[in-house]
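The values are calculated or read from the model by the stated rules, or taken from the named source; none is laboratory data. This one's a predicted model, so the numbers in the text were calculated from it and none came from an experiment. Because the Cβ atoms are built from the backbone with ideal geometry, glycine has one as well, and the counts that use them run over all protein chains shown.
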Ligand SMILES: N[C@@H](CCC[C@H](N)C(=O)O)C(=O)O
């Protein structure tokens, strides 16, 4: 998380971000997040560089961390416990709570043209559709939370060779902007286990937008309820797809590990 409030542009180049994210010769991270001045009436702007230097539209875990980071930066002067954050995926609203951060992640986008994917005509949804990857047919559902996600349901998520299969999903020609891929094991209608291969970052311990997209895919495939816990290697997230406003709400922790100068 970088305090970038005094400048409209990220103070690092994507190439520098790649070096910072290096786990051997840098700080080590899945990505770098910049807290910039707000735009169009928002409190702040969030920009992100993945660890490969590419720029995603949104980061669910990142926006929870950003809310906690901004709250620390503002200290006692803050007058409210929520922020309106401008992102490349639209305005996202994280709200600080006693037990973590609850984020209004907005509406899921389901049309192939919005993902984007060429798996279906641009105005059609991709739900439980076969896709050949690594010599196997996977039934996939595609959801955009501002960034692209391809979700597939498996019997045993621990048995998936993420390192070899993940890149083949990410770079599959049906995803012109590459994709994040979530492998989901349904434990019960309100408990899912997830492992993720992230676009631009590879295997990570958690993906907030991925957890949201996976719940949507679970509902569309009648595998889970509209509220569920998603268990990730980095810990659980609570996800709800509201029947009232059709928006996705994500609740999870955000904890400071350390601060420093680099
Ligand atoms: N790799 C993603 C962006 C980061 C997503 C993040 N981990 C999350 O928590 O949502 C992409 O390129 O879309």
message: Which count do you get for residues in the stretch 188-216 that are more than 15 Å from the ligand (Cβ to nearest atom) and touching a strand residue (DSSP E or B) at 6+ places or on another chain (Cβ under 6 Å)?
response: 4
query: Of 174, 143, which residue is more than 16 Å from the ligand (Cβ to nearest atom), in the same structural domain as residue 235 (by TED's automatic domain parsing) and buried (at least 19 other Cβ atoms within 10 Å of the Cβ)?
result: 174
- prompt: What is the residue count in the stretch 146-197 for residues that are part of a strand (DSSP E or B) and closer than 16 Å to residue 209 by Cα?
  reply: 16
task: Run down 120, 97 and say which single residue is modelled with pLDDT under 95 and surrounded by fewer than 20 Cβ atoms within 10 Å (Cβ to Cβ).
output: 97
query: So, in the stretch 243-262, of the ones that are surrounded by fewer than 13 Cβ atoms within 10 Å (Cβ to Cβ) and modelled with pLDDT of 95 or more, which residue ends up nearest to the chain's Cα centre (by Cα)?
result: 246
- prompt: touching a residue at least 60 places away in the same chain (Cβ under 8 Å), more than 20 Å from the chain's Cα centre (by Cα) and in a loop (DSSP other than H, G, I, E, B) - does that describe any residue in the stretch 102-110?
  reply: no
- prompt: Which of the residues belonging to the stretch 48-61 are more than 6 Å from the ligand (Cβ to nearest atom), touching a residue at least 24 places away in the same chain (Cβ under 8 Å) and buried (at least 21 other Cβ atoms within 10 Å of the Cβ)?
  reply: 49, 51, 58
- prompt: Quick check: is even one residue across the stretch 116-131 more than 30 Å from residue 255 (Cα to Cα), within 16 Å of the ligand (Cβ to nearest atom) and out of contact with any helix residue (DSSP H, G or I) (no Cβ under 7 Å at 6 or more places or on another chain)?
  reply: yes
- prompt: What are the residue pairs meeting all of these: first residue in the stretch 209-222, first residue farther than 13 Å from residue 144 by Cβ and in contact (Cβ under 8 Å) with a residue 24 or more places away in the chain, second residue away from the ligand (no atom under 15 Å from the Cβ) and part of a helix (DSSP H, G or I), Cβ atoms under 7 Å, and 6 or more apart or on different chains?
  reply: none
message: If I go through the stretch 31-58 residue by residue, how many of them are out of contact with any helix residue (DSSP H, G or I) (no Cβ under 7 Å at 6 or more places or on another chain) and closer than 15 Å to residue 202 by Cβ?
response: 3
